[in-house]
Amino acid sequence: MQPPAPPNAVAVEVVAAQPTDADDAARAHLSRTADRSLAPVTYLVKLRLDPIPPVTSLGWALYVDDFRIPKYWEYKDGIYFKIFDPQFFSDHQGEALRFSQNGTDFIDTGLVLALPDISPQVSPADLPKQTDALG
């Protein structure tokens, strides 16, 4: 069986959004394990795909350089993943976004992860809800 073509990522955008209840639980766990307080913000890293690939059982794993994104979701223009600790952006700034089916052979998207442009003075209540940020 011929493997499916890799997704064609054409843009990346990072949006700060209000956390969901599940995000709050994940952020609280991360705060405890990192032994530092994390702001109540969820960063959505959105990869716009063109075209949207068909659903298949042979999926592609998403990586930021060699770091495998453990879970990503679909939205109307592509896929997205969540980041709760802004340190992730500092640690991976400028690293390539890539896909792999086996963790060894990679398809580079030509896109890189950048630092989000978010003011520390912004109140979480002023951030968009995730459904709006993904709509």
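Residues are listed down the side, and each one gets a yes or a no for (1) of a type in the set (Ser, Thr, Tyr); (2) touching a helix residue (DSSP H, G or I) at 6+ places or on another chain (Cβ under 7 Å); (3) more than 26 Å from Pro19 (Cα to Cα); (4) in contact (Cβ under 8 Å) with a residue 40 or more places away in the chain:
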residue	(1), (2), (3), (4)
Trp60	no, no, yes, yes
Phe67	no, yes, no, no
Gln93	no, no, no, no
Pro116	no, yes, no, yes
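Taken together, Val64, Val55, Val122 contain a single residue that is among the β-branched types (Val, Ile, Thr) and at pLDDT 95 or above, which is Val64. If only residues of segment 89-104 that are among the polar types (S, T, N, Q), assigned to a loop (DSSP other than H, G, I, E, B) and touching a Leu at 6+ places or on another chain (Cβ under 9 Å) are counted, the one that is surrounded by the fewest Cβ atoms within 10 Å (Cβ to Cβ) is Gln93. Quick check: anything in segment 109-117 closer than 14 Å to Asn8 by Cα and surrounded by fewer than 13 Cβ atoms within 10 Å (Cβ to Cβ)? Looking for residues that are closer than 14 Å to Asn8 by Cα and surrounded by fewer than 13 Cβ atoms within 10 Å (Cβ to Cβ), one finds at least one in segment 109-117, hence yes.
Counting only strands (runs of 3 or more DSSP E) that fall entirely inside segment 1-88 and contain at least 2 residues that are among the charged types (D, E, K, R), the qualifying elements are 42-49. Is it the case that Asp85 is in contact with a helix residue (DSSP H, G or I) (Cβ under 8 Å, 6 or more places away or on another chain) and at positive phi? No; evaluated as a whole, the condition is false for this residue.
The values are calculated or read from the model by the stated rules, or taken from the named source; none is laboratory data. Quantities reported herein were computed from a predicted structural model and do not represent experimental measurements. In this analysis, Cβ positions are derived from the backbone assuming ideal geometry, glycine residues included, and neighbour counts consider all displayed protein chains.
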